[in-house]
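Enquirer: Have a look at this one before I ask anything.
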Amino acid sequence: MRKFFNDQAEKWDNIAFHDPLKLDVILENLDVKPGHTVLDVGSGTGVLLERILQNTGRGGQVIALDVSENMLYISRKKHSSSGILYLQGMAEYMALADEVCHRVICYSVFPHFKEPAHTIAEIKRILYPRGILVIAHSQGRDKINEIHKKIDGPVNTDYLPDGQEMCSLLEKEHFVAKNIIDNNEIYCYVAVK
C-alpha cells in the first residue's frame, strides 16, 4: 500500500477531486474548536490541513499522518504552517500517546485500512474522552467501491463498508453515533468516544 501511494503522490492532486461544498459539510461535523489538536489520518497531500487550521486557531495543532512519505513530502511543500506536525506511519499503530487528540478525521482513507477494527481501537486510544471521530468520503459508498475495483494494484479489493458494518465496527469500540450521512453523494459517519 505504501509503495502504491508513494508512486501516486506526484500526480495525486491532478487526479483526486474534492468537492469544496462537501468538504464543508464533513468539516462542520468534525466540530473543531480553537485550541484543539486534530489528527488527519491518511492526510495525503494535505487537502484538509489549511481548512482545519483555520478552526484550531493559534493554540491548536493538526497532526498529518500518512503511510506514504512522498504524500507527506508534497504536503509539506504546500503547507508551511508551524501548526502542522507530519508523521509517517500506519493508522493501525500510531506513535502517539493516549488521549492526545480532540478530533480525528479519516477522510478518503478508510477502505485502505487492512485492519479496520484495530484502527478504530487505536483511534479510540488517542482520542480525548468525548472526542469526535469522522470517517468520510466526498462521494457515495457505491462510487468509491466502484472506483477501487477498476484500479490496477493493491487498492482494487479495498471497500467502504455499508452502514450496518460501519456501525458495528464503531459500536464494538463503544463509539456513539452522533450523525450519519450515507447517500449517493457523500459518506460521513460521526461518532463520539
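The values are calculated or read from the model by the stated rules, or taken from the named source; none is laboratory data. This one's a predicted model, so the numbers in the text were calculated from it and none came from an experiment. We place every Cβ from the backbone using ideal geometry, glycine too, and count neighbours over all the protein chains shown. With ligands, DNA and RNA removed, areas are computed over all heavy atoms of the protein, side chains included. Shrake-Rupley method; radii C 1.70, N 1.55, O 1.52, S 1.80 Å.
Enquirer: Evaluate E = 1/(1 + (r/R0)^6) for ASP98 and HIS18, where r is the Cβ-Cβ distance and R0 equals 30 Å; express this FRET efficiency to the nearest 0.05.
Expert: Working: r = 31 Å, r/R0 = 1.04.
The pair ASP98/HIS18 has a calculated efficiency of 0.45.
Enquirer: Something else about it: For a protection proxy built on the mean count of beta-carbon atoms within 10 angstrom, sort 28-37, 126-135 highest first, please. It would help to have the intermediate numbers written out before the result.
Expert: Working: 28-37: 17.3, 126-135: 19.6.
The densest-packed peptide leads the list: 126-135, 28-37.
Enquirer: Let me ask something else about it. If one computes the Cα centroid of segment 65-122 and of segment 153-176, what distance in Å separates the two points?
Expert: 18 Å
Enquirer: What area, in nm² and to one decimal, does the C-alpha convex hull of segment 1-83 cast on average over all directions? All intermediate terms of the calculation are to be shown ahead of the outcome.
Expert: Details: hull surface 21.1 nm².
That works out to 5.3 nm², a quarter of the Cα hull's surface.
Enquirer: Hey, another quick one. Based on a Kirkwood Rh over C-alpha pairs, give the Stokes-Einstein translational diffusion coefficient of the chain at 10 °C and viscosity 1.306 mPa s in µm²/s. Numbers along the way, then the final one.
Expert: Working: Rh = 16.5 Å.
Approximately 96 µm²/s, per Stokes-Einstein.
Enquirer: Treat every Asp and Glu Cβ in segment 47-134 as -1 and every Lys and Arg Cβ as +1, leave all other atoms uncharged, and give the resulting dipole magnitude about the Cα centre to the nearest 20 debye.
Expert: Details: 10 positive and 8 negative charges, 70 e Å.
Result for segment 47-134 is approximately 340 debye, rounded to the nearest 20.
Enquirer: Let me ask you something else. Could you work out the longest stretch of the chain that avoids the chymotrypsin sites (Phe, Trp or Tyr not before Pro) located in DSSP loops with at most 13 other Cβ atoms within 10 Å?
Expert: Working: sites that count: PHE17, TYR93.
Maximal segment without exposed cleavage sites: 94-193.
Enquirer: Over the chain, what is the relative contact order in percent, taking alpha-carbon pairs closer than 8 angstrom and at least six residues apart? Intermediate results must be reported in sequence, preceding the final value.
Expert: Working: 379 pairs, mean separation 38.4, N = 193.
Once normalised by length, the contact order is 20 percent.
Enquirer: Accessible area per residue of the chain at 1.4 Å probe, in Å²? Kindly include the intermediate steps, with their values, before the conclusion.
Expert: Working: 9500 Å² over 193 residues.
Accessible surface, normalised per residue, equals 49 Å².
Enquirer: Hey, any idea what % of segment 82-157's accessible area is carbon plus sulfur with a 1.4 Å probe? Provide the component values of the computation, followed by the final result.
Expert: Working: 1830 of 3490 Å².
Carbon and sulfur together cover 52 percent of it.
Enquirer: Still on this model: In segment 1-80, which trypsin sites (Lys or Arg not before Pro) fall in coil by DSSP and have 16 or fewer other Cβ atoms within 10 Å? Could the numbers behind the result be given before it?
Expert: Values: sites: ARG2, LYS3, LYS11, LYS22, ARG51, ARG58, ARG76, LYS77, LYS78; in loops: ARG58.
In loop regions of segment 1-80 (DSSP not H, G, I, E or B), the sparsely surrounded trypsin sites (Lys or Arg not before Pro) are ARG58.
Enquirer: Determine the sum of side-chain charges near LYS150: Lys and Arg each +1, Asp and Glu each -1, restricted to other residues whose C-beta is under 14 angstrom from that of LYS150. Don't jump to the answer; show the numbers that get you there.
Expert: Details: positive: LYS143, LYS149; negative: ASP142, GLU146, ASP152, ASP158.
Local net charge: -2.
Enquirer: What does the charge add up to near TYR86, with Lys and Arg as +1, Asp and Glu as -1, over the other residues with Cβ less than 13 Å from its Cβ?
Expert: Numbers: positive: ARG76, LYS77, LYS78; negative: ASP40, ASP66, GLU69.
After counting each charged neighbour, the total is 0.
Enquirer: Restricting to DSSP H runs of at least four residues, report the calculated mean residue ellipticity at 222 nm for the chain, -39500 (n - 2.57) per run over all residues, nearest 500 deg cm²/dmol.
Expert: Numbers: 7 runs with 74 residues, N = 193.
That calculation yields -11500 deg cm²/dmol at 222 nm.
Enquirer: I've got another one for you. Just the accessible area for GLU50, please: 1.4 Å probe, Å², rounded to the nearest 10?
Expert: Approximately 80 Å² of GLU50 is accessible to the 1.4 Å probe.
Enquirer: Then there's this: For CYS167, what accessible area in Å² do you get when you roll a 1.4 Å probe over the heavy atoms of the protein chains, rounding to the nearest 10?
Expert: Surface open to solvent at CYS167 totals about 40 Å².
Enquirer: I need the GluC sites (Glu not before Pro) found in segment 88-124, filtered to DSSP loop residues with at most 15 other beta carbons within 10 Å of theirs. Spell out each step's value before the answer.
Expert: Details: sites: GLU92, GLU99, GLU122; in loops: GLU92, GLU99.
When the GluC sites (Glu not before Pro) of segment 88-124 are filtered for loop state and at most 15 Cβ neighbours within 10 Å, GLU99 remain.
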